[in-house]
Each structure stands twice: as structure tokens, then as C-alpha cells.
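K.L.:
Sending over a structure as C-alpha cells; questions will come in a sec.
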Amino acid sequence: MASTALILGITGGFGCEMAHALRQHGWQIRAMHRAPRAASRTLGDMGFIDWVKGDAMSAADVRAASEGVSLIVHAVNPPGYRNWAGTVVPMLDNTIAAARDTGARILFPGTVYNFGRDAFPFIAEDAPQNPATRKGKLRVAMEKRLKAAADDGVPVLILRAGDFFGGARPGNNWFAQGLVTPGKALRSIRYPGPHHTGHQWAYLPDMAETAARLLLRADELAPFEVFHFGGHWLEQGIEMADAIRYATRNPDLKVKRLPWFALTLLSPFVETFREMREMRYLWQTPVRLDNSKLTAFLGREPHTPLDLAVTATLAGLDCLPEGTARQSPVLA
């Protein structure tokens, strides 16, 4: 019988891509959502999902939804970063409790937020975690909870990555909220940092496929296993703007600075802007996750060429001009 995975946060980018990747590898997919009928309409092309009504803030709901599953994908976040500090840890605690009761493994998408400048610029999985930001400290607290759970018998797999982009549900990420404006052909690109500063991006279909391949070899994983996903490292960060120009067939597309001053002024009133502003330092210095452990384990990392990944991402955001070819990325 096929194993079943419960996905929390399936309407987000990583959760949605994990559903696709796991399905391709023979998993049965269950998803919990507060409004499953509405969510199923939003994900209308994913008829294979077994929907369960529930709230990730409710321990009882998560426990009921996890009955009989062997994997819980913890990809849930509050929409628009609202009350991030007050929700992410309780939601994770509910997942850990459910996994402990059911014997499921937890898959958790990690970030670079855990690390401070003492770990920069090239970061291994066991680098010291001394973040300077509020969000980074929360991420450290979450991973400590996962490590304690693993020590108590709950298997955990963490896959850390750079900034997300792409996938069937592109949304709350820097690409879609910072660089471009979804829903219209582009007239310009906003770039958040110095053009020459390197930056790391994670194309979500590649990241999800990587996680699925790691899970195929679950019997070889340690009880608490952490890998770094390499994705697309751009030595000159502005290369992402060049890829957008290529995808839109517009080599003269202007690149403007992200209006940090305006974000700062509005951040007391808009929580999304406040969270974005806190992460500005990651655009001002090169920060790269070392994926050598991952490539040694898997042999190679699934990788879609940047031009194809960006074209697919812009098509999903409805940002390509009429008549531009929509190329389907092919995983390597």
C-alpha cells in the first residue's frame, strides 16, 4: 500500500509543490485546511487530494488529521506574516505532538534566517545559529523543538533553502512580492539589494523533488537529519533581473531599487512590510547554503535551468506579455 502524507499549508508554495512531488513518487496525499471546499476549488487541478477540515492551531485537529499517515509536511505559515511570532511555534508544537502519537516523520522547510553574520558567507548544516533578527530567533526555537522531538523518537527531516520562487502557487516570497507585480506584463523590475552582491534562490519544484528523493531513502536518514539545498546561486544577484528580461523578451526592461524608505515608513502599519524590512540584511551581503552534504547523499540535486524556471514562474504570476512562449521546465 502507498504511504500517506499529511500536508499542512498545502495552499502555500512549498506545501503545494510537495503534494505534486510526493504524488509523482506514489504517495497518497491528505491535506488539512480550515476551509477545504474553498481550498479544493483553488487547487482544482489536484483532484487526488483527500481533504480534511481543521486548523493547524488546534492540537486535536492536527492529531485527527494525522491518523494513519507516515509523513507530516509542516509547511504552514500565517498568511501575510500576520501574528507570525504568536502562531508558528504553537502550530509546530501541534505537529510534533501528532507525529509523536502516530509515529510519522516530520518534513520541515528551513531557511537561512537561523544564521547570523558569524556563519556567513558559506553555511554548512552544523554552522552556529546566532541570528540577530526576531524572525531568525523564532526559527532557531522551532528547530530546537524539532531536535528535542527527534531525541524523543520522532524522525525529522529539515531541508533548508534560500529565497523561494516559482511553483503552482507562487505567492508569499520575495520574487512575487518584491521583484515583480503579479497579474500584469512587466514595465520594470524592482531589485532589493546591491547588484553585485550574490544571492541564493530556491525554485520550489526542484526543492520539493529533492525532499521527495530524500524520503525515498528514509531508512538511511538519521533521526534528526538536516540538508542544505543549493538551488540557484547567482554570484551577481542582478542576474535574476537578466533572467526576467530574457523570459519577457525585453532586454531593455528597467531595474529600479526596491523602495526601502517607503517600506520603513509603512512597516508600523503593514506587517508584511515589517517582516520584509527585517530581512534586508540578506540582500546586503552574500549568504550561501553549502549543499555538498546533499549532493554527496543524492549524487546530484534536481535542478531546472534558471531561464526555464523564471519563465515558468512569470507565467504562473501572469506577468508574461501576450504571445510569449510558456516553456515547461524539465527537472534534471
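K.L.:
Within 10 Å, count the other beta carbons around each residue, average over each peptide in 240-249, 190-199, and list them highest first.
P.N.:
Numbers: 240-249: 20.0, 190-199: 17.7.
Per-residue Cβ counts within 10 Å, averaged per peptide and sorted highest first, yield 240-249, 190-199.
K.L.:
Kindly provide the pair-distance distribution of segment 183-270 built from C-alpha pairs, with 10 Å bins from 0 and whole-percent values in order of increasing distance.
P.N.:
14, 29, 29, 19, 9, 0
K.L.:
Expressed as an acute angle from 0 to 90° and rounded to the nearest 10, what is the orientation of the C-alpha long axis of helix 306-316 relative to the principal long axis of the chain?
P.N.:
For helix 306-316, the angle is close to 80 degrees.
K.L.:
Among the lysines, which fall within straight-line cross-link reach of K144, defined as a Cα-Cα distance under 25 Å, with same-chain neighbours fewer than 8 residues apart omitted?
P.N.:
Output for K144: K135, K293.
K.L.:
Whenever you get a sec, compute what percent of the accessible area on the chain sits on carbon and sulfur atoms (1.4 Å probe). The partial results should precede the final answer.
P.N.:
Working: 7250 of 14300 Å².
Of the solvent-accessible surface of the chain, carbon and sulfur hold 51 percent.
K.L.:
Under a crude label model (7 Å from the Cα following the beta-carbon direction), how far is A60 from N250 in nanometres?
P.N.:
5.3 nm
K.L.:
Of all the C-alpha pairs in the chain, what % are more than 32 Å from each other?
P.N.:
Numbers: 14273 of 54946 pairs.
Cα-Cα pairs of the chain separated by over 32 Å account for 26 percent.
K.L.:
Does anyone have the angle between helix 84-102 and the longest principal axis of the chain? Alpha-carbon axes, 0 to 90°, nearest 10?
P.N.:
Roughly 40 degrees, rounded to the nearest 10.
K.L.:
Enter the accessible area per residue of segment 54-103 (Å², integer; probe 1.4 Å; all protein chains in place). Don't skip to the answer; put the middle values down first.
P.N.:
Numbers: 1880 Å² over 50 residues.
Solvent-accessible surface per residue comes out at 38 Å².
K.L.:
Give the angle, between 0 and 90 degrees and rounded to the nearest 10, that separates the Cα long axis of helix 134-151 from the longest principal axis of the Cα atoms of the chain.
P.N.:
30 degrees
K.L.:
Something else now. As a test of the definition: which semi-axes, in Å, follow for segment 1-135 when you take the square root of five times each eigenvalue of its alpha carbon gyration tensor? Largest first, please.
P.N.:
Value: 27, 17, 16 Å, ordered largest first.
K.L.:
Further question on the same structure: Could you work out which residue, out of R213, R187, R63, moves most in a Gaussian network model of the chain, that is, has the largest mean-square fluctuation with Cα springs under 10 Å?
P.N.:
Of R213, R187, R63, the Gaussian network model singles out R187 as fluctuating most.
K.L.:
Cross-link partners among aspartates and glutamates for K184, C-alpha distance below 16 Å, same-chain residues fewer than 8 apart left out?
P.N.:
Result set, ordered by chain and number: D318, E322.
K.L.:
Taking GluC sites (Glu not before Pro) as candidate sites, keep only those in a DSSP loop with at most 11 other Cβ atoms within 10 Å, then name the longest stretch of the chain containing none of them.
P.N.:
Between the exposed loop sites, the longest stretch runs 1-234.
K.L.:
Turning to a different aspect of this structure: Excluding residues on the same chain fewer than 8 positions from K137, give the lysines whose Cα lies under 18 Å from its Cα.
P.N.:
K147
K.L.:
Averaged over every viewing direction, what's the projected area of the C-alpha convex hull for segment 169-223? Give it in nm², one decimal, please.
P.N.:
Working: hull surface 24.5 nm².
For segment 169-223, averaging the hull's shadow over all directions gives 6.1 nm².
K.L.:
Per q in 0.15, 0.16, 0.17 1/Å, what log10 I(q)/I(0) does a Debye calculation on the alpha-carbon atoms of segment 123-255 return?
P.N.:
Here the Debye-derived log intensity ratios amount to -0.88, -0.96, -1.05.
K.L.:
If Rh is defined by the Kirkwood formula over all Cα pairs and Rg also comes from Cα, what ratio Rg/Rh do you get for segment 1-81?
P.N.:
Over the Cα atoms of segment 1-81, Rg/Rh equals 0.93.
The values are calculated or read from the model by the stated rules, or taken from the named source; none is laboratory data. None of the values given here were measured: they were computed from a predicted structure. Here Cβ is always computed from backbone atoms with ideal geometry, including for glycine, and neighbour counts include all displayed protein chains. These area figures cover heavy atoms from the full protein model, side chains too; ligands, DNA and RNA do not enter into them. Shrake-Rupley method; radii C 1.70, N 1.55, O 1.52, S 1.80 Å.
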